[in-house]
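First the structure, in the form of structure tokens, and then the observations on it.
Read-outs throughout are calculated quantities, based only on the coordinates presented, and are distinct from any laboratory measurement. These numbers were taken from a predicted model, which means no experiment stands behind them. Every residue, glycine among them, receives a Cβ derived from its backbone with ideal geometry; neighbour counts consider all protein chains shown.
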Amino acid sequence: MPNPKQDNQMTRALTHLERLEAESIHIIREVVAETEKPVMLYSVGKDSAVMLHLAKKAFYPSPPPFPLLHVDTTWKFKAMYDLRDKAAQDAGMELLVYQNPEAQERGINPFDHGPLHTDMWKTEGLKQALDLYGFDAAFGGARRDEEKSRAKERVFSFRTASHGWDPKNQRPELWNVYNAKKAKGESIRVFPISNWTELDIWQYIQLNKIEIVPLYFAAKRPTFEWEGQLFMADDIERLEKVLGHKPELTDRSIRFRTLGCFPLTGAVESEAATLSEVIQETLLTTTSERQGRVIDKDAGGAGMEKKKQEGYF
Amino acid sequence: MTDVKDPVYKTDALIAEDIDKYLETHQHKTMLRFITCGSVDDGKSTLIGRLLYDSKMIFEDQLAALEADSKRVGTQGQEIDFALLVDGLAAEREQGITIDVAYRFFTTEKRKFIVADTPGHEQYTRNMVTGASTADLAVILVDARKGVLVQTRRHSYLAHLVGIKNIVLAVNKMDLVDYDRSTFLDIVADYREFAEQIGITDFTAIPISGFKGDNVTDRSDKTAWYEGPTLMEHLENVEVSADDDLAKPFRMAVQWVNRPNLDFRGFSGLISGGSVKPGDAVRIVPSGKTSTVKSIVTFDGELDEAQAGQSVTITLEDEVDCSRGSVIAAADSPPQTADQFEATVVWMNDEAMLPGRSYWLKLATQTVSASLQAPKYAVDVNTMDHLAAKTLDLNAIGVTELVTDKPLTFMPYREEAGSLNKTLGGFILIDKITNQTVAAGMLNFALRRSQNVHWQALDITRESRAGLKNQEPKVLWFTGLSGSGKSTIANLVEKRLHRMNRHSFLLDGDNVRHGLNKDLGFTDADRIENIRRVGEVARLMTDAGLIVVTAFISPFRAEREMVRNMCAEGEFVEVFIDTPLSVAEDRDVKGLYKKAREGSLKNFTGIDSPYEAPENPELRIDTTTMTAEEAADKIVEYVLGW
């Protein structure tokens, strides 16, 4: 935790964030000790930024003993690609980037293909990448406060050889003792920041000065409206090609609460340009974090659960 | 019901006025982890939905979805069904029940909360224990119309068993009994009587309505007779002695050895007790070696001191033997080691406990093989009676003795003074074949015999004995169906070895049952004990330097694995005498298949008892394509490394 040396008291009650940090580090180390080939999924969002930071802390002075894997859809914001490469380099870790060749070949994009876009690029892409490299454990930065089926998921979530999740048949998870035993072909998705909330993430980023994609902060950016949501024009040439017309762009002061594929991630109008202001806005808002995420609304109320049963993170 | 457009609990005014000051305060809020439990339909999910709603943790888009869901699949007519907020799985919504633990988060001006909404159905008791193992407080819900039920008792007992000290009895659905005071008092009196039996000396009773919101965050005017706190007030103010651990001697289970280069060797772990400073004398358990702490290394710089609850990396002044599974402890107060214990076990798997079978036991960062004896007794959670039991079925709780194959570094889960050692006293059991977590356990104490029987050091070692015989000891473990040809081939193998001046011994299934194992029958438990004894004898014989050939059906993978683990690395050779059932049955050398088919011989492998074929045997002998002579040659070649 920040500046522990300034605290000269003999011992003191640990803060909530210090406890969360220690718990997450414990989880990350258990996976390294008990699995053969772990990998950390890195999506360049604020949650994966925190997870990567925790991994760096867990193994310091060694670099984290596993690679980072970005399952890329080719439709991320440019600023995300920039930070991705820099973060991996700073951490001294190998960065693997995987793009589903079939999605590439068929030109799958969020405008023409709707839910298929997520399915092909992310779900299938992830499964292909895990199989290709033979990873038996994959860290993911999901939190239980994000979504109702996430709230039900264990820290160690087992997947069959075909990457399926059976929510009715989860292993009991007691104290902080994790069972990492698995049969050949099975893999584990591990969520070291399960018990963190969105506010914890923001506050931890602030206290630890973790670099995040600048798109989380408000700035004047070219935007257009499409199907009732506000989007940023990130790669205008490519956008024109798939939309079939040139969208009418307006400069607005916007920022993003979550970052995914740019055509699937709605922006919010905001003036919050510093972390404190972002946190303030987060706390005062009346809509949830994932409200701008189109994919959660697929398949009625159980969208995420269904995706996870099919192998989505 | 409260108007859903106007949450009762106001947002902290500081957020809008001075965000940095708010964050500073927020950072130092304490945290309470609690569970809600009770019987099905006692209103747990509804209560949590209400707490989230009242503490303004539900956003507009979630509320809109909730309203729509309530009309579609809700159970409250046109009103909002708060249970749908937490019952997030499709199967839960279908059945209107909670299947698995849901973890939810909320914050008030005073405190942060993680609440585990745990299932009421008896079949999901294991998930309730999952939630309870990390909780500081339990809210036990009782339906005011129904009073104290079986599940109320079961959950109270489990909460007490894992060591939750703060119990809240929330008498729910008071709106359905006209907020009647005497109904409330009767339930409280009932509960008190039961609670005292199981050692719960204190609890807080609150009359509430999760559905209407009475006494949840707002004091209800319908219960003017009630003078205690609202549920939220109690949750915000109850004292949590989370820092019990700080008062203990220093202890850290080593998770991982950090070796970035030749000059740095650090031991990483989560400190579970006390605190540590550079210069402190420490003892490494089980090796018993002592050293001094050189530094406490973290990403943010070296620390002057670290304490329980922190994950750190420690370096020592001396090059001592220390690895994953070791515990670094205060030199003058190290934890004990033992290999035989009494433990309280909660069985969590559909497949019942098998006395004698060996399971993986994971405690802190140690994983060992452990086998359990038949329970001393099981606990009837209704009456607290001790019941005689031969095994533990799903959700059963019992007290049993267990033996581990290596000494465990441990502390009793519950110390006499009442303080808990969750880290060094709580363990899980893992099935070696399915890898499922089959039980949770708490170590009560080490058996005295495990500390008083010492290993006698012998001057003549197993290596010297084997050297004298000029051979490598082996256990050739033949497994296969009755009539597969095990004894015939084993006999030929021994004759060949004998001819070559090798010292061997053949342990045959039938012969052993005439002497050493004549007290054993053919139940699963007896078969396991049969194999355990044979394994021990075979191991002793390898100590003597012999090549041991065994011929036992040994139908279960777990037990063959147990013997493999008794032997030294590479010493155990699993030889699968692979004969299809139809072929073995046709041969029927001893006439046993005929008896089994007629029903006069029970528990016969392949007929009414399973045979688990080896997955990766060292040798597989297909007797349909190979004669017994050819098989024996092949095995001897393997043993002698030709």
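Can you tell me the 0 to 90 degree angle between the C-alpha axis of helix B:181-197 and the longest principal axis of chain B, rounded to 10? On a 0 to 90 degree scale, this one is about 30.
Of the trypsin sites (Lys or Arg not before Pro) found in segment B:526-616, those in coil by DSSP whose Cβ has at most 11 other Cβ atoms within 10 Å are B:K590.
How high is the relative contact order of chain B, in percent, counting Cα pairs under 8 Å that sit 6 or more residues apart? Please report the intermediate quantities before stating the final value.
On the way: 1281 pairs, mean separation 53.9, N = 642.
Relative CO of chain B lands at 8 percent.
For segment A:145-223, which trypsin sites (Lys or Arg not before Pro) are in a loop by DSSP, counting at most 15 other Cβ atoms within 10 Å? Could you put the intermediate results ahead of the total?
Numbers: sites: A:K148, A:R150, A:K152, A:R154, A:R159, A:K168, A:K181, A:K182, A:K184, A:R189, A:K209, A:K220; in loops: A:K148, A:R154, A:K181, A:K182, A:K184, A:K209.
Filter output for segment A:145-223: A:K184, A:K209.
Distance distribution P(r), chain A, all Cα-Cα pairs, bin width 10 angstrom from 0: 5, 26, 36, 24, 8, 1, 0 percent.
Compactness of segment A:112-223 was expressed as the Cα radius of gyration divided by 2.2 N^0.38 Å, which yields 1.29.
All Cα-Cα separations within the protein assembly as shown were binned at 10 Å from zero, giving a P(r) of 2, 10, 18, 22, 20, 14, 9, 4, 1, 0, each value a whole percent of the pairs. Shown for segment B:409-509: lysine pairs separated by 8 or more places, or found on different chains, whose C-alpha atoms are under 20 Å apart, numbering 4. Taking the C-alpha atoms only, the angle from helix B:557-566 to the longest principal axis of chain B is near 70 degrees.
Taking a ≥ b ≥ c as the square roots of the eigenvalues of the Cα gyration tensor of segment B:336-450, is the shape rounded (a/c under 1.5), prolate (a/b larger than b/c) or oblate? Oblate, because a/c is 1.5 or more while a/b does not exceed b/c. Among the chymotrypsin sites (Phe, Trp or Tyr not before Pro) in segment B:205-267, those placed in a DSSP loop whose Cβ has at most 15 other Cβ atoms within 10 Å are B:W225, B:F264.
Please compute one quarter of the surface area of the Cα convex hull for segment B:245-330 and express it in square nanometres. Display every interim value, and only then the final one.
Numbers: hull surface 19.8 nm².
Mean shadow area of the hull around the Cα atoms is 5.0 nm².
Compute the semi-axes of the equivalent ellipsoid of segment B:233-388, taking the square root of 5 times each eigenvalue of the Cα gyration tensor, and list them largest first in whole Å. Before the final figure, lay out the partial values.
Details: eigenvalues 251, 100, 39 Å².
Working through the eigenvalues yields semi-axes of 35, 22, 14 Å.
Our compactness index for segment A:25-123, the C-alpha radius of gyration over the empirical 2.2 N^0.38 Å, is 1.20.
Relative contact order, whole percent, for segment A:166-254 stands at 23, derived from Cα pairs under 8 Å and 6 or more residues apart. With 21 Å as the limit, the listed pairs B:K362/B:K406; A:K37/A:K127; A:K56/B:K110; B:K518/B:K590 have A:K56/B:K110 beyond it between alpha carbons. Entry note, segment B:245-330: relative contact order of 38 percent, from Cα contacts under 8 Å with a spacing of 6+ residues.
Ignoring lysines fewer than eight residues from B:K212 along the same chain, the ones with Cα atoms less than 19 angstrom from its Cα are B:K5, B:K10, B:K44, B:K56, B:K71, B:K146, B:K173, B:K222.
Relative to the longest principal axis of the Cα atoms of chain B, helix B:150-161 runs at roughly 70 degrees.
From the helices alone, meaning DSSP H stretches of at least four residues, give me the mean residue ellipticity at 222 nm for the protein assembly as shown, per-run term -39500 (n - 2.57), in deg cm²/dmol to the nearest 500.
Values: 30 runs with 289 residues, N = 955.
Counting only the DSSP helices, I get -9000 deg cm²/dmol.
Dipole size of chain A about its Cα centre, with +1 on Lys/Arg Cβ and -1 on Asp/Glu Cβ: approximately 720 debye, rounded to the nearest 20.
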